[in-house]
Amino acid sequence: QEYREGILLFNSMQQEVWDKSNNDSAGLEAFYKTIADSFKWDNRFEVLVFYCDQKKTMDKVAKLVKTNKISNDSISKFIGTTMKPSTATYTNGKFELSDTASFTNPDILRTLFNEPKGKYKKGKKNTIYKMGTLNGQWIVVKVYQYIPSEPKKLDETRGPVVSKYQDYLQDQWIVKLRAKYPVQVNTAEVEKI
């Protein structure tokens, strides 16, 4: 009996909650608008960061990045073949201060976000900075832009929103069930317990 009811409950949940949350894109979108303030990006930098092993590598990389005629992978390869044993690796994307795991040298993010005069935040878009040496690496940063805190788009946080939508659908379903089938307590049985 327990097994049979468990399967019935599973099938009902599938139909009333899980399938709806995955297939009802309009409902999900409308639901997200009501809770969008809960899902925000912190302040972010969109950057390209090169890690170089010496100053002359940093200078060369900065020059190549400035020309904008060569891909990031090509810069790394070019530096690796023309300036042995020099190396230049890179990271790029949009990063919050807490994204230190994405960097081999987390001091870069701290420097970008905490520079006292805010030169990186207020600087022009697509500006290239030679940061000098940080923890034994010579750093070149191209700051595409500083992005103040903003709500996330639904596509940027779909998983957690779908989970909240499922909770919402389940709560709505339970309300309907309780309205249709009011709970009646068998007080005589409760007294026996």
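The values are calculated or read from the model by the stated rules, or taken from the named source; none is laboratory data. Predicted model, so just to flag it, every value in this text is computed and none were measured. Neighbour counts run over all protein chains shown; Cβ positions are idealised from the backbone, glycine included. What goes into the accessible areas is simple: the full protein's heavy atoms, side chains included, and nothing from ligands, DNA or RNA. Shrake-Rupley method; radii C 1.70, N 1.55, O 1.52, S 1.80 Å.
A few points about this structure:
- Test: residue in segment 177-187 that is among the hydroxyl-bearing types (S, T, Y) and in a helix (DSSP H, G or I): yes
- Any hit, segment 171-180, residues being in contact (Cβ under 8 Å) with a residue 40 or more places away in the chain and under 20 Å from F45 (Cα atoms): no
- Single condition T89 does not satisfy, out of (1) of a type in the set (V, I, T); (2) more than 30 Å from S12 (Cβ to Cβ); (3) over 28 Å from the mean Cα position of the chain (by Cα): (3)
- Residues located in segment 1-37, provided they are in contact (Cβ under 8 Å) with a residue 24 or more places away in the chain and either open to solvent by 80 Å² or more (accessible area, probe 1.4 Å) or under 30 Å from K122 (Cα atoms) (or both): K20, N22, E29, A36, D37
- Tally, over segment 117-129, of residues that are hydroxyl-bearing (S, T, Y) and either part of a helix (DSSP H, G or I) or under 14 Å from the mean Cα position of the chain (by Cα) (or both): 1
- Selection status of K164, more than 28 Å from K60 (Cβ to Cβ), among the charged types (D, E, K, R), under 26 Å from the mean Cα position of the chain (by Cα) and part of a helix (DSSP H, G or I): yes
- All of K69, K56, K63 fail the test of being among the basic types (K, R) and not in a helix (DSSP H, G or I), apart from K69.
- Qualifying positions in segment 114-169 - more than 19 Å from T100 (Cα to Cα) and of a type in the set (S, T, Y): T127, Y129, T157, S163, Y165, Y168
- Selection of segment 75-116 for residues being of a type in the set (A, V, I, L, M), part of a helix (DSSP H, G or I) and either surrounded by 15 or more Cβ atoms within 10 Å (Cβ to Cβ) or at pLDDT below 70 (or both) yields I75, I79, I108, L109, L112.
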